[in-house]
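Here's the structure, in structure tokens; my notes come after.
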């Protein structure tokens, strides 16, 4: 089988979706699948093409069974919605042109969103090569952007919703990460999103957890030494610092604990909101801001935190499942989440006993949960142990790739 994969990021880019797609592709290769990847030059870390990749707007790499075509991403400031939309549009045109003009007919086209516009590139390539399109949804758009307040113009929202529904209907299959997202997509297609009546076009394939690469480790790390964290209780948020995350919660909590020498708060990541948050935290000596770390330091970063935060604004958890949640559980660390009630994050923490989920917008509940975890070291350790035990039962990378391969074979057979 030959698969054409169109995605926004791929190794060595550091974006979470790039990590996901890279491992899926590598596992598919191990299952005997040939894969052509159309993606961007690495740019996620600083929203600029990495220095070693500059100079050529298109670069190709060829390995046995794998061809990677990297195109210029036209990076822009994440805080500028218009500029970002233009960037996505330009990259989509590039990706579509290359996917259509490339040699060799694929059996399946596999496109990833966000950005939603890559579904257009996937559809055009699928039409050109008379191949089925499998549309992989990591975050439901525009729901996530609307819930975070990134998009407020009603005309833009309606246009995005029409595009979303159109691309779903043009796909042979739509894959999502949870039953919540399946229900979301199913409702937009006029069908039930769960139960026996759900269309086979909507498939739930969760992201994997690499329990070999991420394992529990001693909390006394070089990361702690490097950023002067010492032996204090580290409350850590690691991830994108953007509009989707209510990170002001962290600053309010830090202000409450500013007189405690044994507690420190770490925001590890970059994004459009970081500058504002740094300014707001300028009088808080117990807050550290740390840049994104290389992927090979992930286990060390996670081990450095005693309590990890998963934060989503109200309305977002039904449109997004943070992949970092599973990495934290794999590292054997407890999670304090602020998310919508009844969504995948809350269910996972309750099922695994790996953390505490508080309702999005419930500031008092969040602070009660944080106080409990700060004061009860044994409870933290018990949750971390339970988290690791639970995640070891979760989907391994090879299992996830096998699910995709079975889906690819199914839609290929249905099209013949």
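Bear in mind that the values in this text are calculations on the coordinates, not laboratory data. Keep in mind that what you see is a predicted model, and the values were worked out from it rather than measured. So basically every Cβ, Gly included, is an ideal-geometry build from the backbone, and we count neighbours across all protein chains shown.
For the peptides 95-104, 168-177, 48-57, residues were scored by their other Cβ atoms within 10 Å and the scores averaged per peptide; the highest-first order is 168-177, 95-104, 48-57. Taking Cα atoms only, the orientation of helix 377-391 departs from the longest principal axis of the chain by about 20 degrees.
What shape does region 129-233 have by the C-alpha gyration tensor, where a ≥ b ≥ c are the square roots of the eigenvalues, rounded means a/c under 1.5, and otherwise prolate means a/b greater than b/c and oblate the rest? Prolate, since a/c reaches 1.5 and a/b exceeds b/c. With the chain treated as a Gaussian network of Cα nodes joined by springs under 10 Å, which of 313, 395, 256 yields the largest mean-square fluctuation? Residue with maximal mean-square fluctuation among 313, 395, 256: 256. The relative contact order of the chain comes to 14 percent, based on Cα pairs under 8 Å that sit 6 or more residues apart. For the chain, modelled as a GNM whose springs connect Cα atoms under 10 angstrom apart, the maximal fluctuation among 292, 227, 141 occurs at 227.
The Cα center of region 1-34 and the Cα center of region 244-313 differ in position by 30 Å. Using every pair of distinct Cα positions in region 58-131, the Kirkwood expression returns a hydrodynamic radius of 13.2 angstrom.
As an equivalent ellipsoid, the chain spans semi-axes of 36, 23, 21 angstrom, where each value is the square root of five times an eigenvalue of the C-alpha gyration tensor, largest first. Fewest neighbouring Cβ atoms within 10 Å first, the residues 363, 17 line up as 363, 17. Relative to the longest principal axis of the Cα atoms of the chain, the long axis of helix 154-170 lies at roughly 60 degrees. GNM remark for the chain: springs join alpha carbons under 10 Å apart, and the peak mean-square fluctuation among 44, 326, 223 falls on 223. Relative contact order of region 58-214: 14 percent, from C-alpha pairs under 8 Å at least 6 residues apart in sequence.
Between the Cα long axis of helix 179-188 and the first principal axis of the chain there is an angle of about 50°, rounded to the nearest 10. Placing dummy labels 7 Å off each Cα toward the beta-carbon, the span from residue 26 to residue 280 is 3.7 nm. Our estimate of slack between residue 256 and residue 1, defined as 0.36 nm per intervening residue step minus the Cα-Cα distance, is 86.1 nm.
Given a Förster distance of 22 angstrom, what is the FRET efficiency for residue 393 paired with residue 350, based on the Cβ-Cβ distance and rounded to 0.05? Efficiency, from the Cβ-Cβ distance: 0.90. Round to the nearest 0.05 the FRET efficiency obtained for residue 159 and residue 210 when R0 = 25 Å and r is the Cβ-Cβ distance. Step by step, r from the Cβ atoms, then E = 0.10. Taken along its principal axes, the alpha carbon cloud of region 222-391 reaches lengths of 37, 32, 31 Å, longest axis first. For the pair residue 58 and residue 83, the difference between a 0.36 nm per residue extended length and the Cα-Cα distance amounts to 6.9 nm. I need the shape label for region 312-416. Rule: rounded when a/c is under 1.5, else prolate if a/b > b/c, else oblate, with a, b, c from the alpha carbon gyration tensor. Here region 312-416 falls in the oblate category.
Computed extension length for residue 222-residue 414: 63.8 nm, one decimal, from 0.36 nm per residue of separation with the Cα-Cα distance subtracted. Restricting attention to the chain, close to 15% of DSSP beta bridges with both partner residues there are antiparallel.
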